[in-house]
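Colleague: I have a structure here, written as structure tokens, and I will follow up with some questions on it.
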Amino acid sequence: MKQFQIEPLFGSQGWEIAGFNIAFTNSALWMAITVVLLWIFVYGGMKRELVPGRWQMAVESFTGFIDDMLEANVGKEGRKYVPYIFSLFMFILFANLLGLMPIGVLGLHPFTFTSHFTVTGVLAVLSFSIVLIVGFWKHGLKFFSLFVPHGTPLWLMWLIPVIELISFMVRPFSLALRLFVAMMAGHVLLKVLSSFVIDSVNAGAVYGGLIGVPSFALMIAISALEILVAGIQAYVFALLTSLYINDAEHLH
């Protein structure tokens, strides 16, 4: 599990604040790298040329994709959330893909910080906070009617709101857990298969042929699947966030 271990970099042990160690870690470094690469990607696509190049088309395609998703799930009001959902989607996508790189940068092995629940949890809480702010800003105390579905029988009024409230409060946890589990499980599986390949090759030609070759082939297939999962998980996170925003915009 060393690939998930957070370590301070550059010999820095950080500072002790309220009993917590604050240091610049490999996780923080790859977050910074993700932000820089995302900024370069978006900046390179803002040329606004009459005949767009491939880079500009890529950025516009992602932006249009997020815009269409929000319009389909939220309506015309969803356009104002495009910057946030686009940033959220692209940040998670870049983070997932960078974590799959087979080689390091400047001697530092790629680190998938989305495989840590603390990171996905912060993203989920941030999205959930926006939902709450929008909900109470637009509807005030009427926002609580979200927990009483239309058509609820009177004799179930004591039970349904409680169930709906619990379901609502679990949303950020499930949102963070889904991304964290998907990324961590995939990397663990790749690590296990790679250990099979190395151990079988070291054991000799027979074991290398019987175990190493199939494990290596499976590892390549799962690596390709992980690239797909990286995109799917970013999309699911953005999609669920847009659906939660829709609940805040339009009380049902």
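Colleague: Quick one: putting +1 on the C-beta of Lys and Arg, -1 on the C-beta of Asp and Glu, what dipole do you get for the chain around its Cα centre, in Debye to the nearest 20?
Modeller: Value, rounded to 20: 180 debye.
Colleague: Hey, what did the chain get for relative contact order, percent, Cα under 8 Å, at least 6 apart?
Modeller: RCO, the chain: 22 percent.
Colleague: Quick one: which of Lys76/Lys138; Lys47/Lys76; Lys2/Lys191 span more than 18 angstrom between C-alpha atoms?
Modeller: Those over the limit are Lys47/Lys76.
Colleague: Using all alpha carbons of the chain, what is the percent of pairwise distances in each 10 Å bin, ordered from the shortest bin to the longest?
Modeller: Answer for the chain: a P(r) of 6, 23, 28, 23, 14, 6, 1, 0 percent.
Colleague: Over the Cα atoms of the range 53-137, Rg to Rh with Kirkwood Rh, two decimal places?
Modeller: 1.06
Colleague: Of Val170, Leu154, Ala224, which is farthest on the positive side of the dipole of the chain, counting Cα position, with +1 on Lys and Arg Cβ, -1 on Asp and Glu Cβ, and the Cα centre as origin?
Modeller: About the Cα centre, the residue reaching furthest to the positive side is Leu154.
Colleague: Grab the eigenvalues of the alpha-carbon gyration tensor for the range 190-230, scale each by 5, take roots, and send me the semi-axes largest first in whole angstrom.
Modeller: In descending order the semi-axes read 22, 9, 4 Å.
Colleague: State the extension gain, in nm to one decimal, for the chain segment bounded by Met157 and Ile6, taking 0.36 nm per residue of separation less the distance between their alpha-carbons.
Modeller: Between Met157 and Ile6, full extension yields an extra 49.6 nm.
Colleague: I'd like to know how the range 155-228 sits against the 2.2 N^0.38 Å rule of thumb: what's its Cα Rg over that expected value?
Modeller: 1.91
Throughout, read-outs are computed from the coordinates displayed, never taken from laboratory work. The shown structure was predicted, so the numbers you read here are calculated from the model rather than taken from an experiment. Counting neighbours? That spans all protein chains shown, and the Cβs are built from the backbone with ideal geometry, glycine included.
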